[in-house]
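Novice: Structure in structure tokens, see below.
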Amino acid sequence: MQLDLFEQPESEDLLEGLNPQQQKAVVYRGRALLIVAGAGSGKTRVLTHRIAHFLAKKELWPSQILAITFTNKAASEMRERVESLVGQSAQGMWIKTFHSACLMILRREAERLGHDANFSVYDTGDTRALLKRLLREAGAEDTDLKPQQAAAIISNAKNELKDAEDFARNADRSNPKERIVAEVFQGYEAALRRNNAFDFDDLIAETVGLFRAFPEVRARYQKRFRHILVDEYQDTNHAQYALIRELTRPLPDEYANFDDRTGELMHPAELTVVGDSDQSIYAFRGADIRNITEFERDFPGAETVLLEQNYRSTQNILSAANAVISQNPYRPAKNLWTDSGAGEKITVFTGYDERNEAAFVVDQMQTMHSEGVNYRDMAVLYRTNALTPSLEAELKSQRVPYAVIGGLKFFERKEIKDALAYLSAISNGRNDEAVRRVLNIPTRGIGDKTELKIAHHARQADMTFRQALLHANELGLGPKLTAAVQGFGELLNELEAMTATDGPADVLKLTLERSGYRTELENSKDPQDEARVDNLDALLGQLFEWQAQNPEGSVADYLAEVTLAAAADEIEDESGSISLMTLHTAKGLEYQVIFLIGLEQGTLPHVRSFDEPGGLQEERRLMYVGMTRARQKLVISHALQRTLFGNTASFIPSSFLSDIPSELVEQVGTERAPLVQSNRPTPKTSWAGAVNTPAAIRDNKDLELAVGDAIQHESFGKGLVVSVAGSPPKQTAEIRFDAGPTKRLLVKMAPITKL
């Protein structure tokens, strides 16, 4: 079979339209090539043209090429582009994700690992169900270790190529959780073997183990794949890195490959990797930035090609992004540029609070939309989902269609639905569905059978489900379960009594505390539960705002408003919907207009990054990724204060903002009045990240308050200190203001004066 049976483009044609650095990357030949591809620099085009160039020069057969990506979408896009260049030849290549490539290898080699070729692959649900049973058998009910926590720990271990024995050997036996996970890990691996199954992480880890245990198998795949290309190399974890190393490192002499035609010794596969250390933002998933920064150490003599010409953004956007990322230490020098012109300046908006910020953002969207920008061409990016409630409320009120990408809309999230169900169960005792939803949230040991007994008794006695809770002693449940059911019913009654004297926000705050729901989430080690606490805080903040605007409003009034607002989710517009997403979700996407919100110290960079090695550098890379998603317009916003969990805290602008040269920026101040009217001047900004208002530049680091002190706040007026915590400069004070609200403030940052 001759390669010319495949219709191939001329190799010179494949270089047309490429800039000099892209051409260099396409034509380079050598053992290892690192393509450092800046944001929007055309990396996929370079990869696909490099593949086509190998074929056009008849240097490789299609079947000798392995191209690896991280997502099915990326693999499909690469395959389509290669097919458009080389036609049917693309069918003979392996263009796959890490996991799908390893799955094919394991199907062929499963017997060597003690599995049948028809093995199952456990998904997240299968894994958690199995771990739930194993934890129960291990007596883990006495700990707060959840199946998802155990799954995360085991997944991290496998991504580091550690099996159950490795984990048990290094486990801290004095730590109850580690001791239980060590025991469960072994049972989990045994169960997978019995069930002829691998989990998702096994697909890569077991393939690496296969190559290490059976050099003859590694030799066979090294002989087949003569060139390997890896996209997004900066996102590889240890297991993925090890897989690539096994396919490209020399074989022992006794397993060496020889060319079938010439009899000459064959070298390991050549390697091309594409990535950008400035876009390495997945350390929390195990990605190791050293895989790309130390590439030349791993492959001595490797060539590095920098792709710095950007085809996406204006020069002002790129210059600002370059200025931000250049502050990260130990990064290879790279400076994105474009020949498409300077473009508009970057808008930086200072909002009084989150509602003011949301109003400005949505007003800008409406203005741009009226000028011809489609909604689908705009996106809002943020560090955490907890920043979206005020924004979503404003989008709904102005009837702007939007979609939350990579997640649920705020009011569709489980924890938010749980909180609202609690409010409904409290305010409307006849809402059986709401009561039943939260019956065992948090876990009270009330299972499905008990729930059915309660429901049956309610029907028989012609009473509501909630009323039936107080008759638990008539159900024959046993003392412990009877106390749990009856105690829940009494809790709902006590909380309902509060609604006569307290506002909805105060009721919800106490509900989350008294029910134990907030405590359960706070004690969890699952990162998702940490995000759920943030979301509940955001709901409370929004509800306290609503309560301040509707002082006579009841719980039922608030729930009705939320329900009516949810109907706005069905809005459709021929120009599409605004996209809302986290910065992590935005990687790889681009929009004409980007709104980057919540640029405060403690939000972006996130407060958790302050104590993590390399944490601040990764947060800066997140900022860089967000900025470089914009093609024509970038709007950045921050607020002077935000309300979370009923407490208002002052914020200073993100330290990242001071990295952007002032000549690239257009400053915009607040336009709408704050929640509590005052004579406070409208905030205006000056550059270097400072805000020329007393709220931002005041430094009360030496001010110490005591219970009973009278203070004056620039926005809320006079107030009385009712409690304090900590000492300067970290002292916080709970202050009851004459105007009504009670706020917890960080004393050193709050715009207050002691009277």
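Novice: With +1 on each Lys and Arg Cβ and -1 on each Asp and Glu Cβ, and nothing else charged, work out how big the dipole of the range 77-156 is about its Cα centre, in Debye to the nearest 20.
Specialist: Values: 11 positive and 12 negative charges, 31 e Å.
Here the size comes out at about 140 debye.
Novice: Another question, then. Nearest 20 debye, what's the magnitude of the dipole of the chain about its Cα centre given +1 on Lys and Arg Cβ and -1 on Asp and Glu Cβ? Working shown, then result.
Specialist: Values: 87 positive and 108 negative charges, 142 e Å.
About 680 debye.
Novice: Give the average over all directions of the projected area of the C-alpha convex hull of the chain, one decimal, in nm². Don't skip to the end; give the middle numbers.
Specialist: Values: hull surface 152.1 nm².
Mean projected area for the chain: 38.0 nm², to one decimal.
Novice: Right, something else. Quick check: from the Cα gyration tensor, does the range 298-353 come out rounded (a/c under 1.5), prolate or oblate? Show your work: numbers first, answer last.
Specialist: Details: a/c = 4.18, a/b = 1.73, b/c = 2.42.
Oblate.
Novice: For the range 348-399, place one equal point scatterer on every Cα, skip the solvent, and apply the Debye formula. What is log10 of I(q)/I(0) at q = 0.22 Å⁻¹?
Specialist: For the requested q values the scattering log ratios are -0.88.
Novice: Just to confirm a number: summing +1 for Lys and Arg and -1 for Asp and Glu over residues other than Asn431 whose beta-carbon lies under 11 angstrom from that of Asn431, what do you get? Walk me through the intermediate numbers first.
Specialist: Working: positive: Arg430, Arg436, Arg437, Arg466; negative: Asp432, Glu433.
Once positives and negatives cancel, what remains is +2.
Novice: Can you tell me the Rg and the Dmax, both Å, for the Cα atoms in the range 18-78?
Specialist: Cα only, the range 18-78: 11.9, 31 Å (Rg, Dmax).
Novice: What translational D, rounded to a whole number of µm²/s, comes out for the range 12-164 from Stokes-Einstein when the hydrodynamic radius is the Kirkwood one over Cα pairs, at 4 °C and 1.567 mPa s? If you can, show how the numbers build up before the last one.
Specialist: Details: Rh = 19.0 Å.
Rounded, D is 68 µm²/s.
Novice: Within straight cross-link reach of Lys718, meaning Cα distance under 24 Å, which lysines are found once same-chain residues fewer than 8 apart are removed?
Specialist: Partners found: Lys701, Lys730, Lys743, Lys748, Lys754.
Novice: Next up: Quick one: plug the Kirkwood hydrodynamic radius of the range 39-128 (C-alpha pairs) into Stokes-Einstein at 4 °C, 1.567 mPa s, and report D in µm²/s. Walk me through the numbers on the way to the answer.
Specialist: On the way: Rh = 14.9 Å.
Roughly 87 µm²/s, to the nearest whole number.
Novice: If you don't mind, there's one more thing I want to ask. Label points 7 Å out from Cα along the Cβ direction at Asn257 and Ser100: separation in nm?
Specialist: 2.3
Novice: Taking every DSSP beta bridge that has both residues in the chain, what percent is antiparallel when rounded to the nearest 5? Show your work: numbers first, answer last.
Specialist: Working: 26 of 78 bridges.
Close to 35 percent.
Novice: Write out the trypsin sites (Lys or Arg not before Pro) in the range 394-479 meeting two conditions: DSSP loop, and at most 13 other Cβ atoms within 10 Å of their Cβ. Could you put the intermediate results ahead of the total?
Specialist: Working: sites: Lys396, Arg399, Lys409, Arg413, Lys414, Lys417, Arg430, Arg436, Arg437, Arg444, Lys449, Lys453, Arg459, Arg466; in loops: Arg399, Lys409, Arg413, Arg430, Arg444.
Qualifying residues, ordered by number: Arg399, Arg430.
Novice: Report the label-to-label distance for Lys718 and Arg514 in nanometres (one decimal), using points 7 Å from each Cα along the Cα→Cβ vector.
Specialist: 3.4
Novice: Positive end of the dipole of the range 12-147, charges at C-beta (+1 Lys, Arg; -1 Asp, Glu), about the Cα centre: which of Gly40, Leu18, Ile51 has its Cα farthest in that direction?
Specialist: Sorting the options by dipole projection puts first Leu18.
Novice: Another one. Convex hull volume of the Cα atoms in the range 226-382, per residue, in Å³? Walk me through the numbers before you get to the answer.
Specialist: Values: hull volume 30.8 nm³, N = 157.
Value for the range 226-382: 196 Å³ per residue.
Novice: With Rg and the Kirkwood Rh both taken from Cα atoms, where does Rg over Rh land for the range 311-432? Intermediate results must be reported in sequence, preceding the final value.
Specialist: Numbers: Rg = 19.9 Å, Rh = 18.0 Å.
My calculation of the ratio gives 1.10.
Values quoted throughout were computed directly from the atomic coordinates according to the rules given, and no laboratory measurement underlies them. These figures come from a predicted structure and were not determined experimentally. So basically every Cβ, Gly included, is an ideal-geometry build from the backbone, and we count neighbours across all protein chains shown.
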